[in-house]
Amino acid sequence: MARATTGYIKIFRSFLDWEWFQNPEMVQLWIYLLLKANRQEKEWQGMTLKRGQCFIGRKKIASDTGLSEQTIR
């Protein structure tokens with residue numbers, strides 16, 4: 001199933017107060033995960049992934065973001 005490439009996410013201004021905000025790699029990872037999260041419940045390989053959840057591994061995240069697997073861990 002193709003992932004929608006349209007739409008938006010909301011980010012509260014309090015994100016600026018997040019303890020990891022000064023670390024660009026963590027900000028990049030957090031935004032990536034927000035963008036990958038399901039917008040609605042769906043079935044995937046016999047599992048129900050609810051809204052806000054995603055199923056993705058370190059290797060795929062590393063490939064998509066350019067971050068190392070160690071950083072992601």
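Answer yes if at least one residue in segment 62-73 is touching a residue at least 40 places away in the same chain (Cβ under 8 Å) and in contact with a Lys or Arg (Cβ under 6 Å, 6 or more places away or on another chain), and no otherwise. Walk me through how you get there before you give the answer.
We begin by selecting, within segment 62-73, every residue touching a residue at least 40 places away in the same chain (Cβ under 8 Å); these are 67, 71-72.
If we keep only those that are in contact with a Lys or Arg (Cβ under 6 Å, 6 or more places away or on another chain) as well, we get 72.
The answer is yes, given that some residue of segment 62-73 is touching a residue at least 40 places away in the same chain (Cβ under 8 Å) and in contact with a Lys or Arg (Cβ under 6 Å, 6 or more places away or on another chain).
So, in segment 38-55, exactly how many residues are more than 19 Å from residue 9 (Cα to Cα) and aliphatic (A, V, I, L, M)?
Of the residues in that region, 1 qualify.
Answer yes if at least one residue in segment 12-21 is surrounded by 13 or more Cβ atoms within 10 Å (Cβ to Cβ) and among the charged types (D, E, K, R), and no otherwise.
No, that holds for no residue.
Any residue that is within 15 Å of the chain's Cα centre (by Cα), loosely packed, with under 13 Cβ neighbours inside 10 Å, over 19 Å from residue 7 (Cβ atoms) and not charged (D, E, K, R) - is there at least one of those in segment 28-50?
No, that holds for no residue.
We did not get these values from a lab; they are worked out from the coordinates using the rules stated. Since we're looking at a predicted model, the values are computed, not measured. We place every Cβ from the backbone using ideal geometry, glycine too, and count neighbours over all the protein chains shown.
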